[in-house]
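The values are calculated or read from the model by the stated rules, or taken from the named source; none is laboratory data. None of the values given here were measured: they were computed from a predicted structure. All Cβ positions, even for glycine, are placed from backbone atoms using ideal geometry, and neighbour counts span all protein chains on display.
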Amino acid sequence: MTVQIVNCGYTTYEVNPVPGKCIRVQRKDERPVYFEIGDEAEYDSYNLKYTGKIVSITEKTVTIKPKYENKNRRLNIRDFAWRNWNFDSEKVAAENSDTMNYI
């Protein structure tokens, strides 16, 4: 497992991708989050957080298939870590549901 240190502004993440299998993301002093192919992850956000299933993991990218689109989204390791270091699918679903009441 190759460890990559990714800087996003003032925050540093430790990312461990295993191509074709899984990826681990950890922010300093936080619990690590593990993702496998087939798990849900965030790929974009505006008012809502947009999620989909992970379909591919490489040393440099994670590819996500959105729930309601046919076009896959490819995130580099830095963007994936920034968006998913504390991902909780139940929390995201609840927040999106609440936000839908206001937009």
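Scan the range 73-80 and give yes if some residue there is surrounded by 15 or more Cβ atoms within 10 Å (Cβ to Cβ), aliphatic (A, V, I, L, M) and assigned to a loop (DSSP other than H, G, I, E, B), otherwise no. Break it down stepwise before answering.
From the range 73-80, those surrounded by 15 or more Cβ atoms within 10 Å (Cβ to Cβ) are 73-75, 77-80; that's our starting set.
After this cut, where a residue has to be aliphatic (A, V, I, L, M) as well, the list is 75, 77.
Now restrict to residues that are assigned to a loop (DSSP other than H, G, I, E, B): none.
Within the range 73-80, not a single residue is surrounded by 15 or more Cβ atoms within 10 Å (Cβ to Cβ), aliphatic (A, V, I, L, M) and assigned to a loop (DSSP other than H, G, I, E, B).
Just give me the residues in the range 23-42 being more than 13 Å from V55 (Cβ to Cβ) and either buried (at least 16 other Cβ atoms within 10 Å of the Cβ) or free of Cβ contacts under 8 Å to residues at least 24 places away in the same chain (or both), in sequence order.
Pass one, the range 23-42, residues more than 13 Å from V55 (Cβ to Cβ): 24-34, 42.
Result: R24, V25, Q26, R27, K28, D29, R31, P32, V33, Y34, E42.
Could you name every one of the strands (runs of 3 or more DSSP E) located completely within the range 1-63 that has at least 1 residues being touching a Gly at 6+ places or on another chain (Cβ under 8 Å) and within 17 Å of W85 (Cβ to Cβ)?
Values: elements: 4-8, 11-18, 22-27, 33-36, 40-45, 49-57.
Qualifying strands (runs of 3 or more DSSP E): 40-45, 49-57.
I'm checking my understanding of the structure. Among residues of the range 59-75 that are modelled with pLDDT of 95 or more and of a type in the set (S, T, N, Q), which one is farthest from the chain's Cα centre (by Cα)?
N72
Cβ-Cβ distance below 9 Å, separation of 6 or more or different chains: which pairs start in the range 54-71 with a residue that is charged (D, E, K, R) and end on one that is part of a loop (DSSP other than H, G, I, E, B)?
E59/T2; E59/P19; K65/K71; K65/N72
State the number of residues belonging to the range 5-58 that are more than 22 Å from E95 (Cβ to Cβ), at pLDDT below 95 and among the acidic types (D, E).
2
Among the residues of the range 9-22, which ones are in contact (Cβ under 8 Å) with a residue 60 or more places away in the chain and either closer than 25 Å to N96 by Cα or not hydrophobic (A, V, I, L, M, F, W, C) (or both)? Can you show your working first?
Start the filter on the range 9-22 by keeping residues that are in contact (Cβ under 8 Å) with a residue 60 or more places away in the chain, which leaves 11, 13, 15, 17.
Once the filter is applied, which keeps residues that are in contact (Cβ under 8 Å) with a residue 60 or more places away in the chain and either closer than 25 Å to N96 by Cα or not hydrophobic (A, V, I, L, M, F, W, C) (or both), the range 9-22 yields T11, Y13, P17.
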